Amino acid sequence: MSYGRAPHILIVGGGYVGMYTALRLQRKLRGGEASITVVDPNSYMTYQPFLPEAAAGNLEPRHVVVPLRKVLKSSRVISGTVQSVSHGRRVAVIQPPLGDHFELTYDVLVMCPGSVARTLPIPGLAEQGIGFKSAAEAIYLRNQVLSRLDAAASATEAAVRRRALTFLFIGGGYAGIEALAELEDMARDACSFYPDLSADEMRWVLVEATDRILPEVSPAMGLYTVKQLEHRGIEVKLKTRVESLVDGRVELDSGERFDAGTVVWTAGVKPNPVLSRTDLPLDEQGRVRATAFLQVDGAPGAWTAGDCAAVPDLTKGEGATTGPSAQHAVRQAARLADNLVAELRKRPIRPYEHSYAGSVASLGLHKGVAEVYGVRLRGWPAWLMHRTYHLSRVPTVNRKARVMADWTLALFFRREIVSLGSFADPRREFRSVATPTPAVSASAAPSGASEGSSGS
Ligand SMILES: Cc1cc2nc3c(=O)[nH]c(=O)nc-3n(C[C@H](O)[C@H](O)[C@H](O)COP(=O)(O)OP(=O)(O)OC[C@H]3O[C@@H](n4cnc5c(N)ncnc54)[C@H](O)[C@@H]3O)c2cc1C
């Protein structure tokens, strides 16, 4: 396709696919050959496989994200949410954080807004639950778990204490298992600093609707992981569904009922809903239909990859598509960028083909499970492989150095156990003192109220 001028490439989403595609395009394109714009509500790319370690306090959360403006120096980065795309008109509508939305025209589109949590209409889920896909959620969960220990240690009622110390995770994929295992490991470690708390008082529960966890590894490794978790006192409930979470009261389809102070939803992902506000062709799961060359099927000038795309898996049979994983996202980004450059230069493009190498998962400090190219590792060697693999993969030398520094410090000092829960609402205290309260006459004061007792 000829544009008659340097084409404008619009990349929707600055995650794995978006950032790696832009990085490679920057490197491969000659000056003036094309301009690149990346749009993302966040100013950073999140290295999601490190989120469980960030939640557990092994890594500083800032070190698991990559600032887009710092690495994409020859691209334009727009902080904003793409609301819709009309590829027919080559226009995207963008909502910036402040002010009115605006239209941005482009010549070439790279659609990669990833996925969102796949939820079910369970009563109470929206009010009680939290997902595990972002750095903000990882930070929140760390504070939440530590603040529940603080609250339980000073609670006088047994039921309140029990509820605070009950942590429910729903969904047994690698995100859920790693988050659960790392946070439990961190909480167990923290308990030693609470004379009034015993680690055995905590209740960690995993509920999974199917008959196995970690579908990314073989059934034998999934079973091994269940045994490991159970050995640590974690309850694993397979073939079980949550029916209600109203007010933190958990109701399972097995008939079991209990209260939980923390509910984490990690039961899979679905394509980003923004895709339904585009004129791109979608499959029955809502993913963008892609060719093996990573072009959007039947939409010249549009490319796609990653969690949002139905990319044919050439290593498997007819109709198979690649699964949502960083492993595919990174490799697809490289192929997509190379094909895009080749097309601009009117050279042949090549199909994406990669057989899934396997998975590595960390289950807490010095614990893990790995299955890569058929080689199975457990415990300490698997954990070491997890760290080595992800250190080699995390983008930029700067991030690698920071991650290494965090891990090295952790060899000599134990994890911080402070909950900075007020991060969730830092203005609360100021608001309460700055909001004028109506004067209360002495006769209206509740009996027994004494000076200085705020009750909060
Ligand atoms: C906790 C966790 C652990 C994981 N561990 C592993 C692992 O060990 N191995 C592995 O292979 N995979 C792992 N994954 C999966 C992997 O991270 C994803 O498959 C990968 O991030 C997909 O890349 P992507 O570019 O498609 O989406 P993302 O990386 O999610 O990027 C999507 C980007 O689009 C942006 N965006 C969303 N909506 C809009 C919009 N409307 N407009 C503009 N921008 C938008 C988002 O802000 C985001 O930056 C893990 C995932 C999680 C959550």
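Here are some notes:
- Any chance residue 70 is of a type outside the set (A, V, I, L, M, F, W, C) and farther than 26 Å from residue 285 by Cβ: yes
- Within region 322-342, restricting attention to residues that are over 15 Å from residue 15 (Cα atoms) and within 13 Å of the ligand (Cβ to nearest atom), the residue that is surrounded by the most Cβ atoms within 10 Å (Cβ to Cβ) is 322.
- Any hit, region 120-138, residues being away from the ligand (no atom under 16 Å from the Cβ), of a type in the set (Gly, Ala, Ser), over 24 Å from residue 50 (Cα atoms) and touching a residue at least 40 places away in the same chain (Cβ under 8 Å): yes
- Residue match in region 154-169 (condition: within 21 Å of residue 359 (Cβ to Cβ) and modelled with pLDDT of 95 or more): yes
- Some residue of region 387-396 being loosely packed, with under 13 Cβ neighbours inside 10 Å, among the β-branched types (Val, Ile, Thr), more than 28 Å from residue 354 (Cα to Cα) and without any contact (Cβ under 8 Å) to a residue 40 or more places away in the chain: no
- Restricting region 356-382 to residues that are closer than 17 Å to residue 223 by Cα, of a type outside the set (Val, Ile, Thr) and in contact with a His (Cβ under 6 Å, 6 or more places away or on another chain), the residue that is farthest from the ligand (Cβ to nearest atom) is 368.
- Residue 259 passes every criterion in (1) within 25 Å of the chain's Cα centre (by Cα); (2) modelled with pLDDT of 95 or more apart from (1).
- Considering region 220-266, and only residues there that are in contact with a strand residue (DSSP E or B) (Cβ under 6 Å, 6 or more places away or on another chain), under 18 Å from residue 145 (Cα atoms) and free of Cβ contacts under 8 Å to residues at least 60 places away in the same chain, the residue that is surrounded by the fewest Cβ atoms within 10 Å (Cβ to Cβ) turns out to be 235.
- Among the candidates 315, 278, residue that is without any contact (Cβ under 8 Å) to a residue 60 or more places away in the chain, over 17 Å from residue 18 (Cα atoms) and within 16 Å of the ligand (Cβ to nearest atom): 315
- Whichever residue in region 406-417 is aliphatic (A, V, I, L, M) and loosely packed, with under 13 Cβ neighbours inside 10 Å and, among such residues, is modelled with the lowest pLDDT: 411
- Annotation for region 175-188: no member residue is in a loop (DSSP other than H, G, I, E, B) and either away from the ligand (no atom under 16 Å from the Cβ) or modelled with pLDDT of 95 or more (or both).
- Of all residue pairs spaced 6 or more apart or on separate chains, those with beta-carbon atoms under 6 Å, a first member in region 143-165 that is small (Gly, Ala, Ser) and a second member that is outside any helix (DSSP H, G or I) are 147/419; 152/165; 153/194; 153/196; 153/197; 164/261.
- Options 93, 85: the member that is within 16 Å of the ligand (Cβ to nearest atom), among the hydrophobic types (A, V, I, L, M, F, W, C) and surrounded by fewer than 18 Cβ atoms within 10 Å (Cβ to Cβ): 93
- Unmet criterion (only one of (1) of a type in the set (A, V, I, L, M); (2) surrounded by fewer than 18 Cβ atoms within 10 Å (Cβ to Cβ); (3) within 16 Å of the ligand (Cβ to nearest atom)) for residue 214: (2)
- Test for residue 116: is it within 13 Å of the ligand (Cβ to nearest atom) and either within 21 Å of residue 23 (Cβ to Cβ) or without any contact (Cβ under 8 Å) to a residue 12 or more places away in the chain (or both): no
- Here region 345-367 is the region considered, the condition is being free of Cβ contacts under 8 Å to residues at least 40 places away in the same chain and charged (D, E, K, R), and the residue that is farthest from residue 408 (Cα to Cα) is 346.
- Counting only residues that are among the aromatic types (Phe, Trp, Tyr) and touching a Leu at 6+ places or on another chain (Cβ under 7 Å), region 71-108 holds 1 of them.
- Looking only at region 299-312, and only at residues there that are within 13 Å of the ligand (Cβ to nearest atom) and assigned to a loop (DSSP other than H, G, I, E, B), the one that is farthest from residue 91 (Cα to Cα): 311
The values are calculated or read from the model by the stated rules, or taken from the named source; none is laboratory data. Because the structure is predicted, anything quoted here is derived from the model rather than measured. Methodologically, a virtual Cβ is constructed for each residue, glycine included, from the backbone with ideal geometry; neighbour enumeration extends over all protein chains shown.
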